[in-house]
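Structure, as structure tokens:
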Amino acid sequence: MQRGSASQRSAYLAALSHEIEKKLQRALTSPSQRLGVLQELFADVALEIDARAREMILSSNGAASADQDSQIGLCFYDVLADHYVRVPTNGKRILDLIVQLWSQSFASHIFALLFHRWLFEVPLDNSESLLRFASALVQGATNVFWIDIQSNTRRFFSLFRYLLEDVALAPSRVDSISSQARRDLFLLLSRFIFFYDLAGKMESFLERFPDFPNVFLVGGPADIFVIELTDQLQKLKVEPVLLHYLSHIRSLQGLELRMTTSTRLKACLYSFTSPGGPMYPTRAVRHAAWDALNLLFPVGRYPRHVISLFFRLLYPWYWPFSCWNFVISLVKAIFYSILRLVLSSWENLRRRPRNL
């Protein structure tokens, strides 16, 4: 019974591979439809597996995929990437077609989703091809992670986790790619590790950081990590994502940074604390940035607030909102204080022994 399930799954994945090959072939032969076909194919492989296909695909691999399925739902690219490692011949024609479409939009996206495991788990004889594939993987992974950022989803979490845990933290795999690709990969992971809630791996990640040629200018692994994170913060435009990053900023506590890196991070956080341009942060972002600043840089906390108050005077149209928020916060504080006092008194009365 198990053998039959495995054969059905293999036949289903082979049929999916054939459909992918047909779409790539159509993109190659129809230049006018190329972008639309590749975009459609990318959406297909990134799609979450529906209930109709789930039973057939997971019938012989349910245990291996249970962890991914319980977190964000299994997508087609997860099982296809695993399939191309188990049966590399099924992906060879697809890979050849992607190489021919290398310069087209979404080609690197599709390659990163389908062949991220194949690149590190299937031996390659051609070092030149390995260099090209590693560069395409970093480029494609960057693009798909930004899609998650823009939509505030975690659809490509399994790809990120694989690159972090099974590649970056695995010396036998990460050392198989060129030094430049290795550096690019670590820079990529530095920018998105907070977004995918894997800050707990940061210590091990920094220990495995590769050597950079300009280390005397930028500093050590912690400095490079914070520089990439700072640049990422300044690019974020989605408020929930920015708040998510700022909530994880406490993970930087205790890192030994150079003065220039520390000043850079402080200036970045401070730019989110004032209303108006160029950031135009919301009230929630401003408060989160203040919390991060006070946590990481407690020295100079009160002078910073005084300077911030002075600059807020330059934006008189914000005064009514600031006064209103202050009044609301004050009323809430008084109300909750009275409520706590009443509840505390009531609890004391209940616990007081009665005289019989």
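The values are calculated or read from the model by the stated rules, or taken from the named source; none is laboratory data. Because the structure is predicted, anything quoted here is derived from the model rather than measured. Here the Cβ is made from the backbone with ideal geometry for all residues, glycine too, and neighbour counts use every protein chain on show.
Quick notes on this structure:
- Scanning the stretch 35-50 for residues that are of a type in the set (Gly, Ala, Ser) and surrounded by 15 or more Cβ atoms within 10 Å (Cβ to Cβ) yields one hit, Ala46.
- Among the criteria (1) crowded, with 16+ Cβ neighbours inside 10 Å; (2) of a type outside the set (Ser, Thr, Tyr); (3) free of Cβ contacts under 8 Å to residues at least 60 places away in the same chain, the one Arg283 does not fulfil is (1).
- Scanning the stretch 250-284 for residues that are more than 20 Å from Ile193 (Cα to Cα), in a helix (DSSP H, G or I) and among the hydrophobic types (A, V, I, L, M, F, W, C) returns Met259, Ala267, Ala284.
- Residue check for Asp67: among the acidic types (Asp, Glu), within 19 Å of Glu19 (Cβ to Cβ), surrounded by fewer than 22 Cβ atoms within 10 Å (Cβ to Cβ) and modelled with pLDDT under 95: no
- From the list Leu296, Leu309, Leu314, the lone residue that is surrounded by 10 or more Cβ atoms within 10 Å (Cβ to Cβ), modelled with pLDDT of 70 or more and not small (Gly, Ala, Ser) is Leu296.
- In the stretch 121-167, of all residues being among the aromatic types (Phe, Trp, Tyr), modelled with pLDDT of 95 or more and in a helix (DSSP H, G or I), the one that is nearest to Lys235 (Cα to Cα) corresponds to Trp146.
- Any hit, the stretch 144-151, residues being without any contact (Cβ under 8 Å) to a residue 60 or more places away in the chain and buried (at least 20 other Cβ atoms within 10 Å of the Cβ): yes
- The stretch 160-193, residues that are over 10 Å from the mean Cα position of the chain (by Cα) and of a type in the set (A, V, I, L, M): Leu163, Leu164, Val167, Ala168, Leu169, Ala170, Val174, Ile177, Ala181, Leu185, Leu187
- Applying the set (1) surrounded by 17 or more Cβ atoms within 10 Å (Cβ to Cβ); (2) in a helix (DSSP H, G or I); (3) touching a residue at least 40 places away in the same chain (Cβ under 8 Å); (4) not small (Gly, Ala, Ser) to Phe195 leaves exactly one unmet item: (2).
- Any hit, the stretch 159-169, residues being surrounded by fewer than 17 Cβ atoms within 10 Å (Cβ to Cβ) and at positive phi: no
- Scan of the stretch 317-331 for residues that are at pLDDT below 80 and surrounded by 10 or more Cβ atoms within 10 Å (Cβ to Cβ), ordered by number: Tyr318, Trp319, Phe321, Ser322, Cys323, Trp324, Asn325, Phe326, Val327, Ile328, Ser329, Leu330
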